[in-house]
Amino acid sequence: MSQSQSRVQCSNKNKKEVITKHLLFTIENQTIMKENNKQELSYFRLKLRSYMSEHHPERLHDTEFITARADMALTTYCDAVVQGFTHPEAESIASEVLYQGLHFSKYDTLVSVLENEFERELPAPLPEKLAPILLSNKAVQATFDKFGLTDTFAASGQYDRLYTELTGTIVLLIESNNLPTVKLAEEASPKAL
């Protein structure tokens, strides 16, 4: 056996050991999880939950999606390591799978509209608090539904149109429901001399 062949076998053996150790760790954790009836701690699940809490809070309770996507990312990571990618490269490849379809955020778009177009009426931290409520509004949902939202949507020409339509929808919601804003509250209060 040549020296290069022994390196390949050693390298493949190391990869197999890494995957075997990870699988044993996962199996042990699943057994413990079943015994304790607790959720398994997974790097990719925690990473995805953290990302979603910042950019997709309306989907944070979709545990089935989070679990399935985290499992896909873990499988991708393991496959990449077996194929010879370094751990940072494998993590990068797995992250592409983890975040696929999540780069465009309705929540972030609404916060941006509220912060930029309603700065006086809704000062911070109101935009972050109001965005999840607006996401459940039928008129806001209908506005988003008009567009084919993809990971690259924010870079498309349609984004400006969505932004403008959301601004108009929010104005109509405020006016038709007589919703209080800081500007209206200031106008209603007596001025100090």
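The values are calculated or read from the model by the stated rules, or taken from the named source; none is laboratory data. Keep in mind the model is a prediction, meaning the values are calculated, not measured. So basically every Cβ, Gly included, is an ideal-geometry build from the backbone, and we count neighbours across all protein chains shown. For accessibility, only protein heavy atoms count, side chains too; no ligands or nucleic acids. Shrake-Rupley method; radii C 1.70, N 1.55, O 1.52, S 1.80 Å.
In this structure, does E91 turn out to be free of Cβ contacts under 8 Å to residues at least 12 places away in the same chain and open to solvent by 50 Å² or more (accessible area, probe 1.4 Å)? In short, no.
For segment 83-110, give me each residue that is among the β-branched types (V, I, T) and over 13 Å from T167 (Cβ atoms). Working first, answer last.
Taking segment 83-110 first, the residues among the β-branched types (V, I, T) are 86, 93, 97, 109.
Within segment 83-110, T86, I93, V97 qualify.
This table checks each residue for (1) more than 23 Å from the chain's Cα centre (by Cα); (2) modelled with pLDDT under 90.
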site	(1), (2)
L114	no, no
I133	no, no
T152	no, no
Q158	no, no
E165	yes, no
I174	yes, yes
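Considering (1) part of a helix (DSSP H, G or I); (2) open to solvent by less than 100 Å² (accessible area, probe 1.4 Å); (3) touching a helix residue (DSSP H, G or I) at 6+ places or on another chain (Cβ under 9 Å); (4) at pLDDT below 95, the lone condition that C10 does not fulfil carries the number (3).
Among the residues of segment 136-158, the ones that are under 29 Å from S95 (Cβ atoms), open to solvent by 20 Å² or more (accessible area, probe 1.4 Å), touching a residue at least 24 places away in the same chain (Cβ under 8 Å) and assigned to a helix (DSSP H, G or I) come to 1 in all.
Filter segment 59-79 for residues that are buried (at least 19 other Cβ atoms within 10 Å of the Cβ) and free of Cβ contacts under 8 Å to residues at least 24 places away in the same chain and give the result. If the condition is that a residue be buried (at least 19 other Cβ atoms within 10 Å of the Cβ) and free of Cβ contacts under 8 Å to residues at least 24 places away in the same chain, then I66, T76 are the ones that fit.
In segment 118-157, how many residues are in contact with a Gly (Cβ under 7 Å, 6 or more places away or on another chain) and among the basic types (K, R)?
Taking segment 118-157 first, the residues in contact with a Gly (Cβ under 7 Å, 6 or more places away or on another chain) are 151.
Now restrict to residues that are among the basic types (K, R): none.
Residues meeting the conditions: 0.
Take the residues in segment 112-130 that are in a helix (DSSP H, G or I), out of contact with any Asp or Glu (no Cβ under 6 Å at 6 or more places or on another chain) and more than 13 Å from T169 (Cα to Cα), then tell me which one is least open to solvent (accessible area, probe 1.4 Å). Among those that are in a helix (DSSP H, G or I), out of contact with any Asp or Glu (no Cβ under 6 Å at 6 or more places or on another chain) and more than 13 Å from T169 (Cα to Cα), it is S112. For beta carbons closer than 9 Å, sequence separation of 6+ or different chains, a first residue in segment 30-53 that is closer than 20 Å to E96 by Cα and in a helix (DSSP H, G or I) and a second that is open to solvent by less than 100 Å² (accessible area, probe 1.4 Å) and at pLDDT below 50, there are no qualifying pairs.
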